[in-house]
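The values are calculated or read from the model by the stated rules, or taken from the named source; none is laboratory data. Just so we're clear, the structure is a prediction, and the values are computed from it rather than from any experiment. A quick note on method: Cβ atoms are made from the backbone with ideal geometry, for glycine too, and the neighbour counts reach across all protein chains shown.
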Amino acid sequence: MFERIRDTILERGCTLPREEITPQTDFYVDLGWTSLDMVGCITDFEDETGKEIPDETLSGISTVGDLSRVLESL
């Protein structure tokens, strides 16, 4: 799942080199994303997997690894 998330980040115009996007990469601090960017990314994954991430889980997602763990648990 991590690789798919990294691909999505790069598709969304991230300027970091691929190898610098790690599970510890913070969407807000390292990538400069806004909450709107995050919602768009999560919506893409919900559409792709057909599963919905519970609202109460969203506030705990700040890194690529966080999102990967949540998606793998669905």
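Quick notes on this one:
- The single residue among Asp30, Asp66 that is surrounded by 11 or more Cβ atoms within 10 Å (Cβ to Cβ), within 17 Å of Glu3 (Cβ to Cβ) and acidic (Asp, Glu) turns out to be Asp66.
- Restricting the first member to segment 31-56 and to residues that are more than 15 Å from Thr8 (Cα to Cα) and part of a loop (DSSP other than H, G, I, E, B), and the second to residues that are modelled with pLDDT of 90 or more and aliphatic (A, V, I, L, M), the beta-carbon pairs closer than 7 Å and six or more apart or on different chains are Ile53/Ile42; Ile53/Val70.
- Filter result (outside any loop (DSSP other than H, G, I, E, B), free of Cβ contacts under 8 Å to residues at least 60 places away in the same chain and either touching a Ser or Thr at 6+ places or on another chain (Cβ under 7 Å) or loosely packed, with under 15 Cβ neighbours inside 10 Å (or both)) within segment 1-20: Glu3, Arg4, Asp7, Leu10, Glu11, Arg18, Glu19, Glu20
- Single condition Pro23 does not satisfy, out of (1) without any contact (Cβ under 8 Å) to a residue 24 or more places away in the chain; (2) not in a helix (DSSP H, G or I): (1)
- Check on Ile5, modelled with pLDDT of 90 or more and under 10 Å from the mean Cα position of the chain (by Cα): yes
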